[in-house]
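Remarks on the structure that follows.
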Amino acid sequence: MKFNKVSQDYKKLNMVIREEMRCQKISQSNLAYRLNLGQSSISEKLAGKTEWTVWEMMNVFEILGITFDYRKESNDGINEL
């Protein structure tokens with residue numbers, strides 16, 4: 001899976017994370033354990049009540065196998081570096 005646009009849109013980001021967790025059958029408590037966080041902390045982050053740190057997000061992406069692309073898409077649809 002590829003997350004193409006890094007943004008502050010946490011609702012969309014959390015939907016991507018939840019969907020990937022569901023597909024891989026990874027529970028909130030399992031993700032919390034792997035991140036060394038409490039399950040309630042993961043719940044609050046996925047609900048948008050608290051924000052992910054960069055460290056947490058990098059690790060969540062690694063655990064779930066989500067990649068992202070830094071390239072910017074130009075007006076003509078061609079990706080620029």
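Restricting attention to the range 36-52, the residues being within 13 Å of the chain's Cα centre (by Cα) and in a helix (DSSP H, G or I) number 3. Taking the conditions (1) at pLDDT 95 or above; (2) touching a strand residue (DSSP E or B) at 6+ places or on another chain (Cβ under 6 Å) in turn, residue 2 satisfies each one other than (1). Taking the criterion of being buried (at least 16 other Cβ atoms within 10 Å of the Cβ) and assigned to a helix (DSSP H, G or I), the residues of the range 57-69 that qualify are 57, 59, 60, 61, 63, 64.
Collect the residues in the range 33-64 that are of a type in the set (Asp, Glu) and free of Cβ contacts under 8 Å to residues at least 12 places away in the same chain, keeping them in residue-number order. Within the range 33-64, 44, 62 meet the criteria. Of the residues making up the range 17-33, those that are exposed (fewer than 15 other Cβ atoms within 10 Å of the Cβ) and either in a helix (DSSP H, G or I) or modelled with pLDDT under 95 (or both) number 7.
The values are calculated or read from the model by the stated rules, or taken from the named source; none is laboratory data. Because the structure is predicted, anything quoted here is derived from the model rather than measured. For neighbour counting, all protein chains shown are included, and Cβ atoms are generated from backbone atoms with ideal geometry for every residue, glycine included.
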